[in-house]
Structure formats: C-alpha cells, structure tokens
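Take a look at the structure below.
The values are calculated or read from the model by the stated rules, or taken from the named source; none is laboratory data. These numbers come from a predicted model, not from an experiment. Every residue, glycine among them, receives a Cβ derived from its backbone with ideal geometry; neighbour counts consider all protein chains shown.
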Amino acid sequence: MKTLVVYYSRSGNTKKVAEEISNRIKCDIEEIIDNKNRKGIIGWLRSGRDAHSKKLTTIKEIIKDPSKYDLVAIGTPVWAGLMAPAVRTYIYENKGKFKNVGFFCTCGSSPGDIKTFEEMEDYIGITPLSKLSITTKELKTNHEDKLKGFIKGIK
C-alpha cells in the first residue's frame, strides 16, 4: 500500500512522530508549512485562537498529491482541543482526494485528542483506519507501543 505521512508541527513534536512513522514504514513524508508566523508566545496565543475559531490559513504549496496514495496519515498538534489551522486547510484543499486515512496528534495531555480526531473525521468525511495520540510526557519517555499499534492499524 502506497502511503504518505503529512503533518504540521509548530514546536517539532508532531514532526518527530511523523518522521518515526515514515521511517518505520518506509513511505513518503511531507510537511505542511503555515505561511502565518506562529513562533513565540504571540504566535502560540494566535495559534490557539485560530484553532478555537476553526479558521483556515494559507499554506505553502503541497508537492505530493494525496490522490496518488492508498493511505494518507495526517498529523497535527492539538490546539485548544482542535486540529491546527494548517491541517484544517490541508484537508479542505484536498477533500475528495483521500482513499484511506490515519490520524495522529501530539498534545499537552489527554483528552484533547478525542475532539480533535472527531473534528478531523467530520471534516474529511472518512473514518480513519488508525489513530494515535501522544502526549508531551509520552513523547519524552516511551511511546513505542502506541506507535506500533498505530502502524499495525494502517498496514
């Protein structure tokens, strides 16, 4: 199955998980780049506000066409209990191009992932084959079993 891992990461946490997934299943990977400056405390505050308002943003052009893949694993940080605006925009701009999806997120703590995954599923219109949520604490310790479970679910 031809797989693409696509993700947005402000702090690097979601990027780390995306790279781990891509490296383990030997698939393509693409980063979603938000054109809006989200660095620093002001960027962090703006990010939470934009996520809460369910705003779209402008993202750099995506190179890899999701319609060319059997599965697209989509990764987002959880902001204000929701997906990042860059991921919302990616899904919006590519709606109808996904055959199968998997969702993964990084968050400060649970249960932010539940609402995020529900929103992603509603927005994209496809039930994910697998879901993975990793907290900041788990990212720094051991998330191996969760990662293996996610990969097993998308294969």
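Summary table
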{"read-out": "Single condition Leu129 does not satisfy, out of (1) without any contact (Cβ under 8 Å) to a residue 60 or more places away in the chain; (2) assigned to a helix (DSSP H, G or I)", "value": "(2)"}
{"read-out": "Some residue of region 63-71 being within 16 Å of the chain's Cα centre (by Cα), surrounded by 17 or more Cβ atoms within 10 Å (Cβ to Cβ) and under 22 Å from Gly12 (Cβ atoms)", "value": "no"}
{"read-out": "Region 15-47, residues that are surrounded by 19 or more Cβ atoms within 10 Å (Cβ to Cβ), modelled with pLDDT under 95 and more than 17 Å from Ile63 (Cα to Cα)", "value": "Arg38, Ser47"}
{"read-out": "In region 1-44, residue farthest from Tyr90 (Cα to Cα) [restricted to those that are in a strand (DSSP E or B) and of a type in the set (Ser, Thr, Tyr)]", "value": "Thr3"}
{"read-out": "Test: Phe117 is in contact with a Ser or Thr (Cβ under 8 Å, 6 or more places away or on another chain), among the aromatic types (Phe, Trp, Tyr), closer than 17 Å to Thr76 by Cα and in a strand (DSSP E or B)", "value": "no"}
{"read-out": "In region 52-84, the residues that are more than 16 Å from Arg38 (Cα to Cα) and in a helix (DSSP H, G or I)", "value": "Pro66, Ser67, Lys68"}
{"read-out": "Residue within region 32-51 that is within 18 Å of Ile134 (Cα to Cα) and of a type outside the set (S, T, N, Q) present", "value": "no"}
{"read-out": "Neighbours by Cβ (under 6 Å, 6+ apart or cross-chain): first from region 87-113, at pLDDT 95 or above; second exposed (fewer than 14 other Cβ atoms within 10 Å of the Cβ) and among the acidic types (Asp, Glu)", "value": "Lys99/Asp70"}
{"read-out": "All positions within region 17-59 that are among the basic types (Lys, Arg), touching a Leu at 6+ places or on another chain (Cβ under 8 Å) and within 18 Å of Thr116 (Cβ to Cβ)", "value": "Lys54"}
{"read-out": "In region 50-81, the residues that are touching a residue at least 12 places away in the same chain (Cβ under 8 Å) and of a type in the set (D, E, K, R)", "value": "Asp50, Lys54, Lys55, Lys60, Lys64, Asp65, Lys68, Asp70"}
{"read-out": "Lone qualifier among Lys16, Lys54, Lys36 - being of a type in the set (Lys, Arg), out of contact with any Cys (no Cβ under 9 Å at 6 or more places or on another chain) and closer than 25 Å to Lys140 by Cα", "value": "Lys16"}
